[in-house]
Structure formats: structure tokens, C-alpha cells
Amino acid sequence: MSKKKSLVIVTISFVVLLLALLIYSNVSFKTTDANPINSQVKVIDVDYIVENPEKYSGVINVEGTVKEVLDSKKFFTLGCEDACVNLPVSYKGELPKLESNIVALGEVKKDVEGKYFFDAMEIKYK
């Protein structure tokens with residue numbers, strides 16, 4: 001093989017390696033930016049969700065007070081401090097304490113009977 005062909009092969013290999021490195025570093029930057037977006041989701045009071053649940057789609061934060069905890073079903077209800085209608089919340093993790101003020105990250109969904117509930121992915125105490 002001539003020196004010219006060897007130089008071309010080395011140059012092409014270097015360019016391919018450099019491009020792969022740039023693409024990989026770009027992908028990793030995108031995945032690290034995903035977390036701050038979720039933390040910037042607007043917090044909505046539970047009363048607004050109960051009034052018009054169909055209005056809310058996608059991931060949202062819901063703020064309220066835990067009014068009832070059903071450990072066996074992994075459900076709790078979220079309401080406001082005064083007498084109002086409660087929102088059923090499904091959560092796979094450790095359920096929050098009764099009467100605690102929380103913010104839940106998740107989505108409004110319908111059950112098989114067509115009733116709305118909130119499917120929480122994360123819960124934070126206020």
C-alpha cells in the first residue's frame with residue numbers, strides 16, 4: 001500500500017472518530033437538559049383540576065392537601081384546605097401522610113368507568 005493511500009485511510013478514520021465523538025457528546029447534553037424541564041412544569045391547584053379535568057393533558061404538577069389514604073389500593077385523595085371536592089390520586093411509591101401539603105407530578109387520566117384520576121409519578125412535600 002502506498003503512503004498516499006495510508007494517509008487517506010488514517011485521515012478518514014480520524015474524521016469518522018471525531019464525528020462519532022461530537023454526536024455522542026451532543027446526545028449526552030440533550031439528556032442532561034431533560035431534568036430541568038420537568039422541574040419547570042407549572043403548579044396547578046387541585047381545585048382547578050377537579051373543576052375541569054379534561055382541560056389538562058400531559059405532565060403537570062398538582063398542589064393540594066392529602067385528605068384520605070388507601071394503602072391497599074395505592075390511592076390517596078388530594079383536596080384543598082377547606083371543604084371541597086377531592087381528586088383521587090394513584091401512586092406506586094410510598095403514600096404521603098394524611099393532612100400533608102404536597103405537590104404531585106403526573107398526568108390526569110380516566111379509569112375504565114370514565115372517571116378522572118391523577119396518576120402521580122413523583123410526590124414532594126411542601
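Observations, loosely collected:
- Cross-link partners for LYS109 among the lysines, with Cα-Cα distance under 30 Å and sequence neighbours closer than 8 places in the same chain left out: LYS30, LYS42, LYS55, LYS67, LYS73, LYS74, LYS92, LYS97, LYS124, LYS126.
- Scattering curve values for the stretch 43-125, log₁₀ I(q)/I(0), Debye with Cα scatterers, q = 0.19, 0.21 Å⁻¹: -0.73, -0.91
- Potential extension, LYS126-LEU17 segment - 0.36 nm per residue separation minus Cα distance: 34.4 nm
- Shown is the FRET efficiency for LYS110 and ASP71, computed with R0 = 25 Å from the Cβ-Cβ distance and rounded to the nearest 0.05: 0.60.
Since every read-out is calculated from the coordinates, none of them should be taken as a lab result. For clarity, every value in this text was computed on a predicted model and none was experimentally measured. Neighbour counts run over all protein chains shown; Cβ positions are idealised from the backbone, glycine included.
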